[in-house]
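Data first, discussion second: the structure below is written as C-alpha cells.
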Amino acid sequence: MRRPAEAAGPVRPSARMPVARRTAPLRPGRGLRLGLLAVSLGAAGTLTAQDFDGDAIPDAIEEQGWYVAAGGSPQRQDVWVECDYMPGTVRKRPTVRRRAEGVFARAPVPGGIALHLSFDDAIPFEAQWGDVGTAGGFMATFDRALEERDRSFDVAPFTGADAETMRPYVHYCVYVESIGGGGVSGYSFGIPGDLFVVAVGQYRGEVRPGLLRAGETGILLHELGHNLGLTHGGAAPLAHSPYKPNHLSVMSYLYAWAFVRLDGERAEYFPYWDYSRAESGLLHEKRLREEKGVVVPEAVTVADTPRGDRLLGLFYCADDTFRAFFFNFRLDFDCDGVVEPGRVKADINRDGARSSLGRGQDDWSHLIFGTAGLGASRSPVLLDPLTELRRPDVERLVRTDRALRTTRITRPERP
Ligand SMILES: [Ca+2]
Ligand SMILES: [Ca+2]
Ligand SMILES: [Ca+2]
Ligand SMILES: [Ca+2]
Ligand SMILES: [Zn+2]
C-alpha cells in the first residue's frame with residue numbers, strides 16, 4: 001500500500017536526532033535500563049523527552065492508550081518490526097513470529113524484551129531482487145529497498161495518525177526470493193539501522209526443509225541484530241569476523257541459521273537462536289590450547305528449552321569444513337587428529353591470518369535501540385556487502401548438517 005502523506009505526530013524527531021543513553025536502575029533491585037532521549041525540535045531548541053525503559057521510544061508515546069492497546073509498554077523495551085514478503089519465501093509466518101518473539105522474550109533483562117513482529121502485505125514475486133555483488137549494484141539494491149519501503153511500509157500494526165507517530169520507531173523488512181550477487185541470504189542496510197532483507201527462499205531444495213524453515217527465523221534475527229547495532233564478531237578485535245567460535249550468537253555465521261545440540265549420540269541443528277548472553281574466554285590463534293578447548297561460562301552451553309538442550313559449538317577447519325565440538329572440553333583446533341599438550345597454531349576464523357580473536361561479547365548488553373531517523377532514514381550503509389552470509393557459507397552449513405546427522409558422537413567425560 002502507498003504510504004499516506006507526511007503528517008506531524010505528537011513527537012517528530014529530526015533526521016539528525018541525537019540520542020543520549022545511560023544506564024541506571026529503574027528502582028532498587030530491578031536493574032532495568034533508563035534512557036534519556038534528546039529530541040531536537042530545530043529552531044524551537046532542544047527539549048528532553050523521557051524514555052523510562054531505554055528503548056528510544058519516548059514515554060510521551062508509550063503512555064498513550066493506543067500504544068498500550070497494541071501491546072507496547074513504557075516500562076518494558078519494545079522492538080517493532082513490519083515485514084512484507086514475496087509469496088512462498090516465508091511459509092509459516094506465525095511460527096517465525098512466535099520463534100523470533102520468543103528469543104527476545106528470553107532476553108536477560110527483567111521481563112525480557114517485547115519484539116512485535118508483524119507480517120503484513122504480500123508483494124509481487126520476483127526471482128531475483130537487487131544485486132549486491134558489485135558496488136554500483138549494491139547502491140541500486142539499497143535504493144530498491146527504500147522504494148519498497150516507500151511503497152509498502154504501513155507501520156503495522158498501527159493505523160492512521162498513530163502509524164505516522166510510530167513511523168520513526170518501526171523497523172521495515174522484506175522477505176525476497178533472492179538477492180543477486182553470490183547467494184546472499186539476507187542483508188541489513190545499517191549497523192545500527194532500520195531496514196533489512198531476508199532472502200533464504202533461494203535455498204529451497206538445497207537445504208533440507210526443517211533447516212530452511214529455521215533460516216527463515218535465524219536470518220531475520222541476524223539482520224535485525226545488525227539493525228540493533230550488533231556485528232558478526234562482537235567485541236574488538238575483529239568485531240566483524242563472522243567465524244568466532246566463542247561468540248555464541250545468531251550474529252556469527254556459525255550460529256546464524258540455527259544452533260547445534262547434542263541429541264543422544266547425534267548432533268543436529270535445531271530451531272533455536274540467541275544473541276550471546278555472556279563474555280567468553282579469550283582465543284589466540286597462535287596460542288590455542290587443545291587440552292582446554294573453547295572456554296565459555298557453563299550456563300550458556302545449556303539452551304533455554306524445556307529439556308535444557310546441550311549446545312555444541314562449531315569451528316572452522318583448514319579443510320573448509322565446520323566441525324562440532326563440546327565447549328569447555330579438549331578440542332583438536334588444528335585438525336591434525338591429535339589433541340596436543342601445550343599450544344598449537346591454526347586459523348580458526350577463516351581470515352587467512354593467525355591472530356587474537358579476543359573474547360566473545362555479551363551481545364544482549366550491547367543492543368542499540370533506535371537511531372537517528374529510524375523509519376525515515378536514507379542512511380549510509382555500514383555493512384560491507386562482500387562479507388554478508390553467502391552461498392559458500394550456506395554450502396558449508398549443508399555439509400555440516402549432513403556430517404552431523406551421519407556421525408555418532410561419544411559424549412566425553414567431563415575433565
Ligand atoms: Ca521508551
Ligand atoms: Ca517500551
Ligand atoms: Ca591437534
Ligand atoms: Ca584467523
Ligand atoms: Zn550479517
> Across segment 363-388, which residue is farthest from PRO168 (Cα to Cα) among those that are part of a loop (DSSP other than H, G, I, E, B) and modelled with pLDDT of 90 or more?
Replying inline: LEU367
>> Take the residues in segment 273-325 that are touching a strand residue (DSSP E or B) at 6+ places or on another chain (Cβ under 9 Å) and of a type in the set (Phe, Trp, Tyr); name whichever of them is modelled with the highest pLDDT.
In response: TRP273
> If you go through segment 80-99 one residue at a time, do you hit one that is among the aliphatic types (A, V, I, L, M), surrounded by fewer than 20 Cβ atoms within 10 Å (Cβ to Cβ) and within 16 Å of ligand 2 (Cβ to nearest atom)?
Replying inline: no
> Filtering segment 305-323 down to residues that are surrounded by fewer than 14 Cβ atoms within 10 Å (Cβ to Cβ) and among the acidic types (Asp, Glu), which residue is nearest to PRO341 (Cα to Cα)?
Replying inline: ASP319
> Out of (1) in contact with a strand residue (DSSP E or B) (Cβ under 6 Å, 6 or more places away or on another chain); (2) in contact (Cβ under 8 Å) with a residue 60 or more places away in the chain, the odd one out for TYR253 is which?
Replying inline: (1)
> Inside segment 124-155, can you point out the residues that are exposed (fewer than 14 other Cβ atoms within 10 Å of the Cβ), among the aliphatic types (A, V, I, L, M) and modelled with pLDDT of 90 or more?
Replying inline: ALA127
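Go over the candidates GLY210, GLY183, GLY160 one by one and state the one that is out of contact with any Ser or Thr (no Cβ under 6 Å at 6 or more places or on another chain) and within 16 Å of ARG391 (Cα to Cα). Show your work before the answer.
Values: GLY210 fails: within 16 Å of ARG391 (Cα to Cα); GLY160 fails: within 16 Å of ARG391 (Cα to Cα).
Result of the check over GLY210, GLY183, GLY160: GLY183.
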> So which of GLY182, GLY225 ends up being under 10 Å from the mean Cα position of the chain (by Cα) and either over 26 Å from LYS92 (Cβ atoms) or assigned by TED's automatic domain parsing to the domain that holds TYR85 (or both)?
Replying inline: GLY225
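Could you list, in sequence order, all residues of segment 186-214 that are outside any helix (DSSP H, G or I) and small (Gly, Ala, Ser)?
GLY186, SER188, GLY190, GLY193, ALA199, GLY205
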>> Being assigned to a loop (DSSP other than H, G, I, E, B), modelled with pLDDT under 95 and of a type outside the set (Gly, Ala, Ser) is the filter here; which residues of segment 156-185 pass it?
In response: ILE179, VAL184
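The values are calculated or read from the model by the stated rules, or taken from the named source; none is laboratory data. This structure is a prediction, so every number in the text was calculated from the model and none was measured. All Cβ positions, glycine included, derive from the backbone under ideal geometry; neighbour counts span all protein chains shown.
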